[in-house]
1. Taking K and R as +1 and D and E as -1, what net charge do the other residues with C-beta under 9 Å from the C-beta of MET111 add up to?
2. With a ≥ b ≥ c the root eigenvalues of the C-alpha gyration tensor of the stretch 155-268, is it rounded (a/c under 1.5), prolate (a/b larger than b/c) or oblate?
3. If you count only protein heavy atoms and use a 1.4 Å probe, how large is the accessible surface of LYS172, to the nearest 10 Å²?
4. Hey, can you find the accessible area per residue of the stretch 22-320 for me, probe 1.4 Å, expressed in square angstrom?
5. Pairs of Cα atoms under 8 Å, at least six residues apart: use those to get the relative contact order of the stretch 22-320, whole percent.
6. Report the full-extension gain for the segment MET1 to THR93: residue separation times 0.36 nm, less the Cα-Cα distance, to one decimal in nm.
7. Roughly to the nearest percent, how much of the accessible area of the chain is carbon and sulfur, given a 1.4 Å probe?
8. In Å, what Kirkwood hydrodynamic radius results for the chain from the alpha-carbon pair distances?
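The values are calculated or read from the model by the stated rules, or taken from the named source; none is laboratory data. Here the structure is a predicted model, which means the values were calculated and not measured. Cβ placement follows ideal geometry from the backbone for every residue including glycine, while neighbour counts extend to all protein chains displayed. Ligands, DNA and RNA are excluded from the accessible area calculation, which covers all protein heavy atoms including side chains. Shrake-Rupley method; radii C 1.70, N 1.55, O 1.52, S 1.80 Å.
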Amino acid sequence: MIAVRPRRLRRSQVMRELVAEHRIGVEHLVQPLFVVERDEDAGPIESMPGISRHSLRRAVAEARELFALGIKSVLLFGIPASKDAAASGSYDTNGIVQRTIAAIKSTLPEMLVMADLCACEYTDHGHCGVLDSEGEVDNDATLELLCRIALTYADAGVDVIAPSDMMDGRVKVIRCALDAHGRTRVAIMAYSAKYASAFYGPFRDAAGSAPRQGDRRGYQMDAPNAREALREIALDIAEGADIVMVKPGLPYLDIVRAARDRFDVPIAVYNVSGEYAMLQAAIGNGWLDGDRAVDETLTSFVRAGADVVITYFAKTYAQRHA
Ligand code: PBG
């Protein structure tokens, strides 16, 4: 006789839902938005079917649609009209990210507006900071730049600043700069365990931010390292990060789980452009059932222990489950 039959709990949809251990909530999803300074740069992104670069006006309209669908957090990325070695466009108070923050907050005050903080979209060499005389990213000089950008985001009304540059000590200096200027309410979501990954390829096409020379392995993490990720996360928490992030998502679910088990702060995971492109390519070819593959993917992040899931699938997920 078989005494225990786990299949009894799988017999119907109602039973399965009754005993489901994890659930995706739209309130935990964050939709990344690309916003262009020049209207002529707007349009679909070839390697990310379904995702576009938006003009400022379209970005606000998109934010409205998202909010109505229950996606109430967006993560902004700016694509400036021009770039230079010092990333001077990044701290322009009238820059594209700064203007988009202000426009969304004035139209939709309840929308949680997050802004990615990094120099790579603004440097002509494509690295995430300023270079020293040997062509290496100068950590401490970059910290000053990051603080300067952060303050312009705060002035524009941002809710959450998300530093993605991987410089050492950045959370601390950004927190200090914000607090010194009375911006104690602005939260920091740190890209703490951000790996040097091939899965950012489509994003770099979208943002035109691929390094012209070399790569990001001198500052982003090395794929084989898991303990080091926990060390990075611990450092960011000690420096004042409110939310910590693991990125990319699918190839690093073990890191999400390890972080969840060790730390008590909210954990975000970034389901990056290459993960999106990979699924969309297979779905587009009819090789995968798209709805099921996406739901299963997003479930894997929640099951691994993520509280916040940043994903290009946020909008379509909300549309399907409205
Ligand atoms: C900026 C940044 C990148 C991503 C988020 N912030 C690109 C990179 O580090 O090269 C990648 C996001 C994605 O691939 O969806 N540093």
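1. +1
2. oblate
3. That residue has around 120 Å² of solvent-accessible surface.
4. Ligands and nucleic acids excluded, the result is 42 Å² per residue.
5. 19
6. Result: 25.8 nm gained on full extension.
7. Taking all protein chains in place, the chain shows 50 percent carbon and sulfur surface.
8. This gives a value of 20.2 Å.
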